[in-house]
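Undergrad: One structure follows; several queries about it will come next.
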Amino acid sequence: MDAPQVTLRSAKDREIVHLEYDDPLNVPSVSSGYTRFVCVSDTHSRRFPVPDGDVLLHSGDLTNTGTLAEFEQTMDWICGLPHKLKIIIAGNHDLPLHAEWYKQNHARWSGYGHSAPQDLGPIVELLKGKKAQKANVVYLQDELHSFQTTEGGRTWSVYGSPWSPEYLNWAFGYSAAEGPALVAKFPKSDILFVSSSFLILRSSSRAVFRLTHGPPRGVFDRTVRGDLPGCLALIDALPRLRPRLHLFGHIHEAHGAHIHSWSKGNIRDVQNSTLAAQDIELPEAVDSDEVTVFVNAANWPMGQRKQEYMTRQFGGPGFRAVVVDMLD
């Protein structure tokens, strides 16, 4: 079947989101005065065509279990992409990057190359070494980074964190009791990026990204079983943070995007449609310039959405890289 073309727009077109499109190499061009962010997540060492743009954002699960061979495959792909800047974080599948936890738990994945622990040094070299630097790759792990996409243009800053609510004792998990203290560390700024959860927070002078791996509770977090494993502490913090862009993944089958107006209060109960024909923007009037673009950018096709879009391809119809154009 032919997939629908889905483009979301905020008031005055300050934010434009290309959610579904025919050809990843032929997305509508970005207008002058905008920065194009290309959002991917949960790629698990797969490669697929990705639209060009100013900044590539990868919100975690770079690999299946984090072997050196998997990191080599992923970083070879990312370094070869044409984006001026690539900002990446880890997710719960990138096991060795949660170093202290990995020392105690690696043997659980002995059948996947972890009977002896992977050497962290060569992995970090792939993420932060000379080849990555030459390709303008920035790996963040509970760190803040500032950048410009054009000389003399707007300064954006991004805070990257790999944590998500704990799940079966995978890497970078936190308990419900630990969530509020963790989220309280997130600064109010313009762009927020937290591992498989990436937020862009507003500020008068700069933009700050925070990337997270997991979604807030009730926002593109519905699983095939119907439960909602998103973070309660994160959803409660959003009225304070009010990012321009919140990017995450983690729940593959919940891929989707929505523009929320803060004049409506906090966001609640926004999920994707499993039906391709109904995959359109939810009816919410955007009557304020203060909005947040919420994106679950998971690229691994899964669940009923996979069946409706009739795809098995990573980054294919229903699970495209999400392109977000933001007015500087």
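Undergrad: What is the dipole size for segment 64-199, taken about its Cα centre, with +1 at each Lys and Arg Cβ and -1 at each Asp and Glu Cβ, in debye to the nearest 20?
TA: 320
Undergrad: Given a 1.4 Å probe and the protein chains all in place, what does the accessible area of K131 round to, in Å² to the nearest 10?
TA: 120
Undergrad: Kindly report, to the nearest 10 Å², the accessible surface of D227 as traced by a 1.4 Å probe over protein heavy atoms only.
TA: For D227, the solvent-accessible surface is approximately 60 Å².
Undergrad: Note the full-extension length gain between A116 and D23 as 0.36 nm times their separation in residues minus their Cα-Cα distance, in nm to one decimal.
TA: Here the segment from A116 to D23 would lengthen by 29.2 nm.
Undergrad: So how tilted is helix 232-241 from the main axis of the chain? Cα-based, degrees 0 to 90, rounded to 10.
TA: Long axis of 232-241 versus the principal axis of the chain: about 50 degrees.
Undergrad: Continuing with the same structure: R0 = 35 Å: FRET efficiency of D13 with D142, Cβ-based, nearest 0.05?
TA: Efficiency, from the Cβ-Cβ distance: 0.55.
Undergrad: Of the labelled options (i) 30, 28, 21; (ii) 30, 25, 17; (iii) 27, 21, 21, which one gives semi-axes √(5λ) of the Cα gyration tensor in Å as computed for this structure?
TA: (iii)
Undergrad: When ligands, DNA and RNA are left out and all protein chains stay put, how many square angstrom of accessible area per residue does the chain have with a 1.4 Å probe?
TA: I get 40 Å² per residue for this part.
Undergrad: By per-residue mean of other Cβ atoms within 10 Å, what is the highest-first order of 94-102, 29-37?
TA: Packing order, densest peptide first, comes out as 94-102, 29-37.
Undergrad: For the chain, give me the percentage of DSSP beta bridges that are antiparallel, rounded to the nearest 5 percent. Show your work: numbers first, answer last.
TA: Working: 32 of 60 bridges.
Percent antiparallel among DSSP bridges in the chain is about 55.
Undergrad: Then there's this: Over the chain, with every protein chain in place, what whole percent of the accessible area is carbon and sulfur at 1.4 Å, could you tell me? Don't skip to the end; give the middle numbers.
TA: On the way: 6660 of 13180 Å².
Carbon with sulfur: 50 percent of the solvent-accessible area.
Undergrad: Can you tell me the 0 to 90 degree angle between the C-alpha axis of helix 68-79 and the longest principal axis of the chain, rounded to 10?
TA: 30
Undergrad: Could you work out how far apart the two model spin labels at Q313 and R268 are, taking each label as a point 7 Å from the Cα in the direction of the beta carbon, and quote it in nm?
TA: 4.0
Undergrad: Here's another thing I want to ask about it. Give the accessible area for H93 in Å² (nearest 10); use a 1.4 Å probe, count only protein heavy atoms, and leave out ligands, DNA and RNA.
TA: Accessible area, nearest 10 Å²: 40 Å².
The values are calculated or read from the model by the stated rules, or taken from the named source; none is laboratory data. A quick note: this is a predicted structure, and the numbers were derived from the prediction, not measured. No Cβ is skipped: glycine too gets one built from the backbone with ideal geometry, and neighbour counts run over all protein chains shown. SASA here: full protein model, heavy atoms, side chains in, ligands and nucleic acids out. Shrake-Rupley method; radii C 1.70, N 1.55, O 1.52, S 1.80 Å.
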